[in-house]
Amino acid sequence: MGARAAGGFTYLEMIATATILMILGSGVLPLARVTYKRQQEIELRRTLREIRIAIDKYKQEVDAGQIGGTDVRLGSEGYPPDLETLVKGVNRVGTTGKKLKFLRRIPIDPMTRSSEWGMRCYQDEPDNTSWCGQNVWDVYTKSEGKGLDGTSYKEW
């Protein structure tokens, strides 16, 4: 009678399997990083759109005469004085106690994980990084990073 065949794996089979798994894992990890970054970028674009739509609606209501009086400052060009005004709301002209609100909360910047946004006034240059403090015409992220397309997040 011959020797019984031993069950299990040889050392060489274990090394080959571990090598194959490491090669597959090293290919998946960069893909997971790109996917995560792409999801953050999608969230940043959505959040910027949400804030910009709220700013535009505020401006439309001022132009339509629905917001006025003490809620609109001279020289603001009809834009909100800050982002908090979009959350707290402003009084509707001709009504008492009814407020127009444009945001439920100030969204969190997915890149910086903060509710602090860079802001531009109507009077500022398009690439200005300091806020004049008179109104909010546009917002941008304070992240220094670059997108998958190579553009700076601040330019979005």
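The values are calculated or read from the model by the stated rules, or taken from the named source; none is laboratory data. In this text the structure is predicted, and so the values were computed from the model without any measurement. Backbone-built Cβ (ideal geometry, glycine too); neighbour counts: all protein chains shown. These accessible areas exclude ligands, DNA and RNA; they are computed on the full protein's heavy atoms, side chains included. Shrake-Rupley method; radii C 1.70, N 1.55, O 1.52, S 1.80 Å.
Applying the selection to the stretch 82-130, what residues are modelled with pLDDT under 90 and over 20 Å from D71 (Cβ atoms)?
Selection gives D124, E125, P126, D127, N128, T129, S130.
Any idea which of T96, T70, T129 is under 26 Å from K37 (Cα atoms), open to solvent by 90 Å² or more (accessible area, probe 1.4 Å) and polar (S, T, N, Q)? Outline the logic, then answer.
Details: T96 fails: under 26 Å from K37 (Cα atoms); T70 fails: under 26 Å from K37 (Cα atoms).
Only one candidate qualifies: T129.
Tell me the residue from I67, I23, I53 that is aliphatic (A, V, I, L, M), over 32 Å from the mean Cα position of the chain (by Cα) and at negative phi, please.
I23 is the lone residue from the list that is aliphatic (A, V, I, L, M), over 32 Å from the mean Cα position of the chain (by Cα) and at negative phi.
Looking at the structure I just gave you, is R104 without any contact (Cβ under 8 Å) to a residue 12 or more places away in the chain and open to solvent by 70 Å² or more (accessible area, probe 1.4 Å)?
no
What pairs can you find where one residue is in the stretch 52-70 and in contact (Cβ under 8 Å) with a residue 24 or more places away in the chain, the other is surrounded by 14 or more Cβ atoms within 10 Å (Cβ to Cβ) and in a helix (DSSP H, G or I), and their Cβ atoms are less than 6 Å apart, with a gap of 6+ or different chains?
Taking only residues 6 or more apart or on different chains, the pairs are A54/L86; I67/E61.
Of all residues in the stretch 137-147, which are in contact with a helix residue (DSSP H, G or I) (Cβ under 6 Å, 6 or more places away or on another chain) and either open to solvent by 40 Å² or more (accessible area, probe 1.4 Å) or part of a loop (DSSP other than H, G, I, E, B) (or both)?
Those that are in contact with a helix residue (DSSP H, G or I) (Cβ under 6 Å, 6 or more places away or on another chain) and either open to solvent by 40 Å² or more (accessible area, probe 1.4 Å) or part of a loop (DSSP other than H, G, I, E, B) (or both): T141, S143, G145, G147.
Only one residue in E84, E13, E50, E41 is in a helix (DSSP H, G or I), out of contact with any helix residue (DSSP H, G or I) (no Cβ under 6 Å at 6 or more places or on another chain), charged (D, E, K, R) and open to solvent by less than 40 Å² (accessible area, probe 1.4 Å), so which one is that?
Only one candidate qualifies: E41.
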